[in-house]
Every structure is written in C-alpha cells, then in structure tokens.
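Written below as structure tokens is the structure these notes are about.
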Amino acid sequence: AGIKLYAGYYHHYVYDKIYSPIYELAAKYGTPVVIHTGDTYSMNGLLKYAHPLTVDELAFQRRDVNFMICHLGDPWVMDAAEVVAKNPNVYADLSGLVVGDRPHFERFMNEPLFMDHFRRALVYSDHYEKMLFGTDWPLAPIDLYAEFVRRLVPEQHHVKVFYENAFALFPRIQQRIAAL
C-alpha cells in the first residue's frame, strides 16, 4: 500500500539522491511514500534529517509522488502544517503525538497547552482532508489514541480523518477491501 522511510534514523535527507530509486518505484506504481518526521526517540537518530521542512524540498522535486509526514512532524508541527498546506502532494498523519498508558494519556489530554500545540497546527494548515488517523501502536493503545484524536480534531472532520483520507492517499487499501 505504501513505502516508509525512517528519516532521522538513516543519516540522509529525504531529498538526497540515495532515495531516487524508491521515488521512481513509488511513481511507477502510484504508491505514496510515508516519511517518519519529528522526534526519533533514539540517541542514534539525527533530528536534522527528520525535520518536516525537508519534505518540502522533496515534494517540490517529486510532484509525481504523494508523501505523508508521520507524527505531524512533532515537535515541529507548525512547520509540518505549512508543508502540508503548501504542497498538494503532501499529507500528514496524527500518530505518535502521545504514547503510554491511560494515566499518561489523561494527563496530556487534559493539558490545554499540549492539546493547543497540535490544534494550532491543524487550524493553520486548514487541510483536514490531508490529515490521517494513526496510532503508533503498540506504543499507544488504539482505543485511547482514537479518543485523543477525537478530542483533537473538530467533529465535522472525523469521517475524513478516521476513514476517507486513508482511501484517498492509499488507493490500494480500498481496492483490496473491494476485492474481498
């Protein structure tokens, strides 16, 4: 359904020529490229390679490929929001914005500054049709994460974010379901 790159964990910018064969393959098969962005959660990762602004240059170079910024580029969510808003071929997922157990989730979901950090980016981007639900399971329980995203995203956009946008970006998923 897609190809994933672990930017930050591999020490190359996503627009580096080393990835050209991957983008050629994605273009040939109409497959989106999903790119880890934001915190690497590893001392061995380098954040400069995982910054969502690097996707802007890539999206400009490869207008024939759709890209998804994972984790809304957290902590650089405003930068990611601008890259999504500017580029018609860039989407973002809302996975991994908080991880842990129920007490951890409750603490963050009830912290206005934490929630506003993400809401501001979503409002700024104003492209809910390009935002996708994701969890980063098993780091986040699916039910808790769904509750988190329901609180984060305005209700009128829930069907798009939780369901329809995935079919738009990953057409093979819908094709596979239709074939069952």
Could you list, ordered by first residue, the pairs with Cβ atoms under 8 Å in which the first is in segment 65-83 and charged (D, E, K, R) and the second is surrounded by fewer than 24 Cβ atoms within 10 Å (Cβ to Cβ) and not in a helix (DSSP H, G or I), at least 6 apart or interchain?
ASP74/ASP39; ASP74/GLY96; ASP79/HIS51
Helices (runs of 4 or more DSSP H) wholly inside segment 1-90 that include at least 3 residues being charged (D, E, K, R) and more than 19 Å from PRO171 (Cα to Cα)
77-86
State all residues of segment 111-154 that are among the hydrophobic types (A, V, I, L, M, F, W, C) and surrounded by fewer than 16 Cβ atoms within 10 Å (Cβ to Cβ); if no residue qualifies, say none.
LEU113, PHE114, VAL123, TRP137, LEU139, ILE142, ALA146
Give me the pairs, please: first residue somewhere in segment 118-145 and more than 18 Å from GLU106 (Cα to Cα) and among the polar types (S, T, N, Q), second residue anywhere and modelled with pLDDT of 95 or more and part of a helix (DSSP H, G or I), beta-carbon distance under 6 Å, and either six or more positions apart or on two chains.
SER125/ALA81; SER125/VAL84; SER125/ALA85
Of all residues in segment 146-159, which are in contact with a Phe, Trp or Tyr (Cβ under 8 Å, 6 or more places away or on another chain), of a type in the set (A, V, I, L, M) and either without any contact (Cβ under 8 Å) to a residue 12 or more places away in the chain or over 13 Å from ARG102 (Cα atoms) (or both)?
VAL149, LEU152, VAL153
Give me a count of the residues in segment 123-134 that are within 18 Å of GLU82 (Cα to Cα) and either of a type in the set (S, T, N, Q) or assigned to a loop (DSSP other than H, G, I, E, B) (or both).
3
Tell me, yes or no, whether segment 102-122 has at least one residue that is at pLDDT below 95 and part of a loop (DSSP other than H, G, I, E, B).
yes
Would it be correct to say that ALA85 is closer than 14 Å to HIS127 by Cα, open to solvent by 30 Å² or more (accessible area, probe 1.4 Å) and modelled with pLDDT of 95 or more?
yes
Specify which of the listed residues (ALA92, ALA59) is open to solvent by less than 70 Å² (accessible area, probe 1.4 Å), in contact with a helix residue (DSSP H, G or I) (Cβ under 6 Å, 6 or more places away or on another chain) and hydrophobic (A, V, I, L, M, F, W, C).
ALA92
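The values are calculated or read from the model by the stated rules, or taken from the named source; none is laboratory data. In this text the structure is predicted, and so the values were computed from the model without any measurement. Because the Cβ atoms are built from the backbone with ideal geometry, glycine has one as well, and the counts that use them run over all protein chains shown. For accessibility, only protein heavy atoms count, side chains too; no ligands or nucleic acids. Shrake-Rupley method; radii C 1.70, N 1.55, O 1.52, S 1.80 Å.
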